[in-house]
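I have placed the structure first, in the form of structure tokens, so that the comments after it can refer back to it.
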Amino acid sequence: MDDVKGLVFNIQRYSIDDGPGIRSTVFLKGCPLSCPWCSNPESQSGVPELFHRDINCVQCGRCVAACPQQAISFKEEKGIRIDREKCLVCGQCVSECTRNAVHFMGEEKTVSEILKVVLRDRVYYESSDGGITVSGGEALAQPEFTAALLKALREEGIHTCLDTTGYATRDVLDMILPYVSLVYFDIKHMDSETHKRATGVPNEPILDNFRYIAGLGIPITVRVPFIPGFNDDDENIEKTAEFVSAVLPGNEVGLLPYHRYGMGKYDELDREYVMGDMDAPDAGSTERAKAIFEKHGLKCIVKG
Ligand code: SF4
Ligand code: SF4
């Protein structure tokens, strides 16, 4: 079981935003949703992919010369561009770059390898009522690995949090939930068509899974990404609040206002940032949404 491998793109230590206390967050690569506002676009594809960190690039040309596909060109100012249509993901450019300006995002790791890293901080988890969060991408998209990792952590007496879109089959949930102490559960939109247009998947399985997890008595913290023009209208927030309060009266809802912090990563993956220059929601609309959740008896916390 310890040798089950997962595709991981980051382990963030000393995290305070992904669950209670001080935590380490293990980010798995691959997600069945494709939200255009995603601030971790490197998490979306389920395979390792090239990522160029242009701030490190000195345009020495070693990667350009090494590429058998002539897939790399220079940007005008700084950094490189990779033609993903031509790229064979051979890794020659990664080997050639001495500046760590181009590298693979996503690495296979065993459960034992992850444990070795995250258990170093056990003292912080214990002193802060923290633990480990498994996030993504979508952790439920790598069910064997996620189950094995969470089980091993629980056997170590560590508090576990699953941070999820909720989009998975019931079999997958049943495999994983026995090892989960807390679920961070995203609810994006109450209208399935609108949900599907933006994320690529309908919301019915997500809402069903929410009811299912709540019915098992596993604590849930709801998270609502608050995206102008997508889900920030009063009607949708009302319906979201009605849904959550009917299933889990008085529960906590984290409202996550849209931001553009991940925008630069799209360029480094040679992808277009389709949200463009859309601004973060203004304080007034965020406060109005908070008031709606509170009107339904929910505890709403706006995240910075
Ligand atoms: S990515 Fe690396 S090898 Fe390529 S031009 Fe930049 S510094 Fe040189
Ligand atoms: S990984 Fe792609 S861009 Fe890099 S050298 Fe190979 S073909 Fe060229």
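The values are calculated or read from the model by the stated rules, or taken from the named source; none is laboratory data. What you see is a predicted model; the values in this text were computed from it and never measured. Accessible surface areas use protein heavy atoms only, side chains included; no ligands, DNA or RNA. Shrake-Rupley method; radii C 1.70, N 1.55, O 1.52, S 1.80 Å.
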Exercise. Considering the chain as a Gaussian network with a 10 Å cut-off on Cα pairs, which listed residue, PHE185, PHE293, PHE243, attains the greatest mean-square fluctuation?
Worked result: PHE243
Seminar exercise, completed: Residues whose built amide H sits under 5 Å from the amide H of ILE80, excluding neighbours closer than 5 in sequence, are LYS75
Exercise. Using the alpha-carbon centroid of each, what span in Å lies between the stretch 146-189 and the stretch 68-127?
Worked result: 26
Problem set entry | Under the Karplus curve 6.51 cos²θ - 1.76 cosθ + 1.60, θ = phi - 60°, whole-Hz ³J(HN,Hα) for the stretch 9-15, x wherever Gly or Pro sits | 10, 6, 10, 9, 8, 6, 7
Problem set entry | Theoretical ellipticity at 222 nm over the chain - DSSP helices of four or more residues, -39500 (n - 2.57) apiece, nearest 500 | -9000 deg cm²/dmol
Exercise. Taking amide hydrogens as modeled 1.01 Å from N in the peptide plane, which residues meet the under 5 Å criterion relative to GLN44, leaving out close sequence neighbours?
Worked result: GLY30
Seminar exercise, completed: For THR165, the accessible surface traced by a 1.4 Å probe with all protein chains present amounts, in square angstrom to the nearest 10, to 10
Exercise. So between VAL47 and ASP174, what do we pick up on full extension, going 0.36 nm a residue minus the alpha carbon distance?
Worked result: 43.2 nm
For this session: Ignoring everything but the protein chains, give the 1.4 Å probe accessible area of ILE16 in square angstrom, nearest 10.
Result: 120
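Would you work out what percent of the accessible area of the stretch 34-181, with all protein chains in place, is carbon or sulfur (probe 1.4 Å)?
Values: 3330 of 7020 Å².
The value for the stretch 34-181 is 47 percent carbon and sulfur by accessible area.
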Problem set entry | Rounded to whole Hz, the Karplus (6.51, -1.76, 1.60) HN-Hα couplings of the stretch 28-35, x for glycine and proline | 9, 9, x, 8, x, 9, 9, 5
Exercise. By a straight-distance test (C-alpha under 20 Å), which lysines pair with LYS303 as possible cross-link partners, with residues fewer than eight away in the same chain excluded?
Worked result: LYS188, LYS290, LYS295
Seminar exercise, completed: For the chain, longest principal axis from Cα atoms; helix 204-215 axis from its Cα atoms; angle between them, nearest 10 degrees, is 60
Exercise. Tell me, what is the per residue accessible area of the chain in Å², probe radius 1.4 Å?
Worked result: 46
